[in-house]
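Reading through the structure tokens given below for one structure.
The values are calculated or read from the model by the stated rules, or taken from the named source; none is laboratory data. Owing to the predicted nature of the structure, the values given are computational and were not obtained by experimental measurement. Every residue, glycine among them, receives a Cβ derived from its backbone with ideal geometry; neighbour counts consider all protein chains shown.
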Amino acid sequence: MGDLKIGDIQPSPLKYDKVNGKGRSDFSKIVKDAIANVNKLEADANKSITDLLQGKGNISETMIDLQKVDLSMRYLMVIRNKALQAYKEISHMQF
């Protein structure tokens, strides 16, 4: 286990510090980028599975791709649930 190396770690492609001209972050763009990123990861995982079934792929890379999709989807669902929770709280406020 001492020779186990983790390589090719890349930061998330989403940048949360993007600010539009009015000084506010563009939430819809962030969400759209996150969904597009999850879709890309899913397509990559599907291709990896297909390559593995055809004997071209590597089982460890396929499993890593599947875990990336799983974590990304879970993270996206957490964001969705938090946004819905915030919407419900705001809709129950009385002004």
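Of the residues that make up the range 69-92, is at least one among the basic types (Lys, Arg), more than 16 Å from the chain's Cα centre (by Cα) and exposed (fewer than 14 other Cβ atoms within 10 Å of the Cβ)? So far as the range 69-92 goes, yes, one or more of its residues are among the basic types (Lys, Arg), more than 16 Å from the chain's Cα centre (by Cα) and exposed (fewer than 14 other Cβ atoms within 10 Å of the Cβ). Residue 17 - would you say it is acidic (Asp, Glu), surrounded by 10 or more Cβ atoms within 10 Å (Cβ to Cβ) and at pLDDT below 95? Here the answer is no, as residue 17 does not meet what is asked.
For (1) under 17 Å from residue 31 (Cα atoms); (2) outside any helix (DSSP H, G or I); (3) at pLDDT 95 or above, each residue gets a yes or a no:
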{"position": "50", "(1), (2), (3)": "no, no, yes"}
{"position": "55", "(1), (2), (3)": "no, yes, no"}
{"position": "66", "(1), (2), (3)": "no, no, yes"}
{"position": "71", "(1), (2), (3)": "yes, no, yes"}
{"position": "76", "(1), (2), (3)": "yes, no, no"}
{"position": "79", "(1), (2), (3)": "yes, no, no"}
{"position": "83", "(1), (2), (3)": "yes, no, no"}
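Comparison of 68, 47, 82 shows that the only residue that is touching a helix residue (DSSP H, G or I) at 6+ places or on another chain (Cβ under 7 Å), under 21 Å from residue 34 (Cβ atoms) and among the basic types (Lys, Arg) is 68. Mind checking which residues of the range 50-68 are in contact with a Ser or Thr (Cβ under 7 Å, 6 or more places away or on another chain) and surrounded by fewer than 10 Cβ atoms within 10 Å (Cβ to Cβ)? If the condition is that a residue be in contact with a Ser or Thr (Cβ under 7 Å, 6 or more places away or on another chain) and surrounded by fewer than 10 Cβ atoms within 10 Å (Cβ to Cβ), then no residue fits.
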